[in-house]
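Have a look at the structure below before the remarks.
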Amino acid sequence: MSQRHLAVPFGVIALMALIVLTLAMSGAINVQAQAQFGTGWNGQFYNTPDLTGAVVFTQAFPTGLNVNWGTSSPAPGVVNPDGWSARFESVQLFNQGTYEFVVASDDGVRVFIDNVLVLDRFVGRTLTTDRFQSTLTAGTHTLRVEFFDSIDQAALQFQWFQVSGAIGTGTPGAGGGSGGVSGTPGAPVGCTTTCATVSGARGLALRTGPYLGASFITTLTEGSTYTVVSRNRDEGIYSWYLLDLGDGRRGWSSGRYLTINVDINQIPTAGSIFDQIDGAPGYGVSAIPRAVMNMRRRPSIRTARVGSIPWGQPVELIGRTIQAGTARWYQVRYNGVVGWIDARWVSVTGEINAVPIR
């Protein structure tokens, strides 16, 4: 693009789009008002504007695609600040019905549902919102969003609303990006080997790691049963179990509210993504504690203390977890030590959206 308009804050544009969409849908029957962003998205980044060449960076987006990179790189020093592209994929659960999809992007975007191109706006432009409708059968569907940044600002938001059809007892997909608690991920998975059944809780959180502070994925309903993949006791109190939901999603839930059908010692132990990111690069973002803060080995007060940070001391911010739509824990590096601090008592300087969600 040869010329760019003055940048409008991404949150303002997104809010305007939501208001317009809500008004347009006010006369529809069986409108489900809550926006869905989905869970379990995976992104692959290229240093070309057309998704060619080698993948130079990968990142998980557990709570959906709602990112404003500004003029920064998604991964400084790895991905170019301009002239890059990315492919985001996930598998989501839908009720039968018609859905309104809303995508805002700066610059171009393409959307595929079950490998069928349903929106093609892969052109250089300032922040623009596009909408389209698609009728889906009940069950899982594969979503793919392809995006590129030309120059200057880069932002992407992808969400959907059910506007007609059968509204289930829970919310399909997941509303992690909006802070809502999603409903059942479908009928109980047919489990014939190592199985876990939710018991003693009306809803049990599924998270990206075996920690209370890991990012929220979805809620499992009481009585539902899932295949157990592995276990982890890193928090030191209750075992956590990696569950396969049978719809392309996996996540960790606390064993406190799970009934296991075998001797747990038969279940293999395994680590998580949190064991692989202590050497994450910097993103030019700083965290400034508003109190003296303990650094924990993982995002949970049940894990070991690895250091402390003085009040007001800027530290390098290299990761974060999200719950209820807001930051819950920050992964930081201070004097060569990597650990996690409670995000509720921290101010941030720099482009927070450049920091990956874990």
Report task. Go through segment 63-110 residue by residue and tally those that are closer than 15 Å to residue 38 by Cβ, at pLDDT 90 or above and of a type in the set (Gly, Ala, Ser). Result -> 1
Report summary line: Restricting segment 301-317 to residues that are of a type outside the set (Val, Ile, Thr) and assigned to a strand (DSSP E or B), the one surrounded by the fewest Cβ atoms within 10 Å (Cβ to Cβ) turns out to be 305
Report task. Determine which member of the set 320, 298, 344 is on the phi < 0 side of the Ramachandran plot and surrounded by fewer than 22 Cβ atoms within 10 Å (Cβ to Cβ). Result -> 344
Query raised in the report: Can you spot a residue in segment 222-244 that is among the aliphatic types (A, V, I, L, M) and under 17 Å from the mean Cα position of the chain (by Cα)?
Result: no
**Report entry** Test: residue in segment 123-136 that is in contact (Cβ under 8 Å) with a residue 12 or more places away in the chain, among the small types (Gly, Ala, Ser), touching a Phe, Trp or Tyr at 6+ places or on another chain (Cβ under 7 Å) and at negative phi
**Finding:** yes
Query raised in the report: What number goes with the only condition from (1) outside the structural domain of residue 326 (by TED's automatic domain parsing); (2) touching a residue at least 40 places away in the same chain (Cβ under 8 Å); (3) over 23 Å from residue 202 (Cα atoms); (4) not hydrophobic (A, V, I, L, M, F, W, C) that residue 257 does not pass?
Result: (3)
Query raised in the report: Applying the selection to segment 288-324, what residues are of a type in the set (Gly, Ala, Ser) and within 13 Å of residue 353 (Cα to Cα)?
Result: 319
Requested in this report: Kindly list, by first and then second residue, each pair from a residue in segment 286-298 that is over 10 Å from residue 345 (Cβ atoms) to a residue that is buried (at least 22 other Cβ atoms within 10 Å of the Cβ) and small (Gly, Ala, Ser), limited to pairs with Cβ atoms under 7 Å and residues at least 6 apart or on different chains.
Outcome: 295/339; 296/339; 297/339
Report task. Specify the residue that is surrounded by the most Cβ atoms within 10 Å (Cβ to Cβ); the eligible residues are those in segment 271-284 that are of a type outside the set (A, V, I, L, M) and not in a loop (DSSP other than H, G, I, E, B). Result -> 274
Query raised in the report: Out of segment 229-270, which residues are within 19 Å of residue 42 (Cα to Cα) and part of a loop (DSSP other than H, G, I, E, B)?
Result: 245, 246, 247, 248, 249
Query raised in the report: So, in segment 323-341, of the ones that are in contact with a strand residue (DSSP E or B) (Cβ under 8 Å, 6 or more places away or on another chain) and at positive phi, which residue ends up surrounded by the most Cβ atoms within 10 Å (Cβ to Cβ)?
Result: 324
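The values are calculated or read from the model by the stated rules, or taken from the named source; none is laboratory data. It should be emphasised that the depicted structure is a prediction, and the values quoted were computed from it without experimental measurement. Note that each Cβ is placed from the backbone with ideal geometry, even for glycine, and that neighbours are counted across all protein chains shown.
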